[in-house]
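Undergrad: Input: one structure, supplied below.
The values are calculated or read from the model by the stated rules, or taken from the named source; none is laboratory data. Computed from a predicted structure; not experimentally measured. Virtual Cβ from ideal backbone geometry, glycine too; neighbours counted across all protein chains shown.
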């Protein structure tokens, strides 16, 4: 409810089960908020991007007003879903994890569009460098939170972002990224991903959304 009136939400992102929009979709589901899940193809994005504030997705429209930045959206939806800490320090911990995963995503996205040997070398460098650095660092943040959750001793958007991204890294969907990279470098994150995936709220989302 915005100002006592039910708002209309439209989330635009690629037609994939993953990426920056997946935690937002899960958050809306847990919050029990109806939204338009506008999934677009890559050719459609090429046509639409000039109409978006930063030529990028995801874009969340609230009553027709465009909002960008996936972490800002995560906090907004997280508050509505009870997935964002009220305590300032715990909220800081949650934000730190969201930002770290966003940094890691930027490093991965830089390799998109490369081909052949150039892609292979870039991905190998990424695995040995920033990816390993971030995975190890994120495991330390999980341990700081107690080992089960990153913040607040309960499920937050930080856990959901981690679940989505670690699942992707372990899926084999990225060429030249070993499927066991997370298990080798930060096994605690694999255990966390499995535990979060078994949470009834997360399992419930995938039971209805595939």
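Undergrad: So for the stretch 45-62 (the condition being touching a strand residue (DSSP E or B) at 6+ places or on another chain (Cβ under 6 Å), farther than 19 Å from residue 78 by Cβ and surrounded by 11 or more Cβ atoms within 10 Å (Cβ to Cβ)), does at least one residue qualify?
TA: The answer is yes, given that some residue of the stretch 45-62 is touching a strand residue (DSSP E or B) at 6+ places or on another chain (Cβ under 6 Å), farther than 19 Å from residue 78 by Cβ and surrounded by 11 or more Cβ atoms within 10 Å (Cβ to Cβ).
Undergrad: Of all residues in the stretch 23-36, how many are surrounded by fewer than 16 Cβ atoms within 10 Å (Cβ to Cβ) and touching a strand residue (DSSP E or B) at 6+ places or on another chain (Cβ under 7 Å)?
TA: Of the residues in the stretch 23-36, 2 are surrounded by fewer than 16 Cβ atoms within 10 Å (Cβ to Cβ) and touching a strand residue (DSSP E or B) at 6+ places or on another chain (Cβ under 7 Å).
Undergrad: Please verify whether residue 15 is exposed (fewer than 13 other Cβ atoms within 10 Å of the Cβ) and either assigned by TED's automatic domain parsing to the domain that holds residue 144 or touching a strand residue (DSSP E or B) at 6+ places or on another chain (Cβ under 9 Å) (or both), treating the condition exactly as stated.
TA: Against the criterion (exposed (fewer than 13 other Cβ atoms within 10 Å of the Cβ) and either assigned by TED's automatic domain parsing to the domain that holds residue 144 or touching a strand residue (DSSP E or B) at 6+ places or on another chain (Cβ under 9 Å) (or both)), residue 15 qualifies.
Undergrad: Still on this structure, I have one more. From the list 74, 70, exactly one residue is touching a residue at least 60 places away in the same chain (Cβ under 8 Å) and within 27 Å of residue 94 (Cα to Cα). Which is it?
TA: Sole residue among the options that is touching a residue at least 60 places away in the same chain (Cβ under 8 Å) and within 27 Å of residue 94 (Cα to Cα): 74.
Undergrad: Filter the stretch 103-125 down to residues that are within 20 Å of residue 20 (Cα to Cα), free of Cβ contacts under 8 Å to residues at least 24 places away in the same chain and in contact with a helix residue (DSSP H, G or I) (Cβ under 7 Å, 6 or more places away or on another chain), then give me how many there are.
TA: 1
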